Amino acid sequence: MPIGDFLRRRPEAQTCLACGSPLPHGAVFCPSCGVRADDPQAEPLHIVDRTTGLFNDRFVRPVLEDELARAHRYQRNLGVLLIEADGAGSPEEALKTMAAALAGTVRDVDTPGVLGRTPPQLLAILPDTDVAGTAHAANRVLSAVNEAMKLQGGHATVGLVCIRPGQRVRAGAVIESASRSLRSGRPEMMGKPA
């Protein structure tokens, strides 16, 4: 083999198992995410759903836990919306449409995220929002999502929960309560009255 070919040869490029970024030759840790390159249990660290551009389920649940703790600590209300699509075409298209409408409707301090794909479900966390503010946000979001889904022949329903700061609640219980609200059409209240 000529010497020029030997010098031009490069080792096979490797990618990080966790984040997918290219690894420099001989790297032990990924420079992007810090995960050990040879860790067989490395999980993807994506926090954004690639279809919608919103936070994914893996990220939005801990954010909900943090917001619940913050609301309890500082004695503030917290609103949560659960939006679900019915009768639309493909779940992926419905999710994209719903996400665009939700992202354009909520405030900058609110956290929207994808909760489920089949049926398409989105979650919106509304910090420092009382019952009236949560109901107002639910009406705005429902109107925007239904308007956007009109072309696909689908419609959305929304469940809303308002968490009062008198008692500590968990994220799983809040999501179950939002699901009950979605099915019954009535808002749910959690926590003790102040």
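Just a few scattered comments:
- Here the chain yields Rg over Rh of 1.16, to two decimals, using C-alpha coordinates and the Kirkwood radius.
- Computing FRET efficiency as 1/(1 + (r/R0)^6) for Tyr74 and Arg107, where r is the C-beta to C-beta distance and R0 is 22 Å, gives about 0.75.
- Most mobile listed residue (Ala27, Ala101, Ala137) in the chain, GNM with C-alpha springs under 10 Å: Ala27
- Here the spin labels are modelled as points 7 Å beyond Cα on the Cα-Cβ line, and at Asp130 and Val63 they lie 2.6 nm apart.
- Surface share of carbon and sulfur [accessible, 1.4 angstrom probe, percent] for the range 58-145: 51
- Hypothetical label at Leu151: residues of the range 99-143 whose amide nitrogen lies under 18 Å (7 Å Cα-Cβ projection): 99-105, 143
- Paramagnetic reach from Arg168 in the range 130-159 [backbone N under 14 Å; point 7 Å along Cα→Cβ]: none
- Most mobile of Ile83, Ile47, Ile163 in a GNM of the chain (Cα contacts under 10 Å): Ile47
- Accessible area in square angstrom per residue, the chain, 1.4 angstrom probe: 57
The values are calculated or read from the model by the stated rules, or taken from the named source; none is laboratory data. All values derive from a computational prediction rather than experimental measurement. When we count neighbours, we look across all protein chains shown, and the Cβ atoms used for this are built from the backbone with ideal geometry, even at glycine. Note: areas computed on protein heavy atoms with side chains; ligands, DNA, RNA excluded. Shrake-Rupley method; radii C 1.70, N 1.55, O 1.52, S 1.80 Å.
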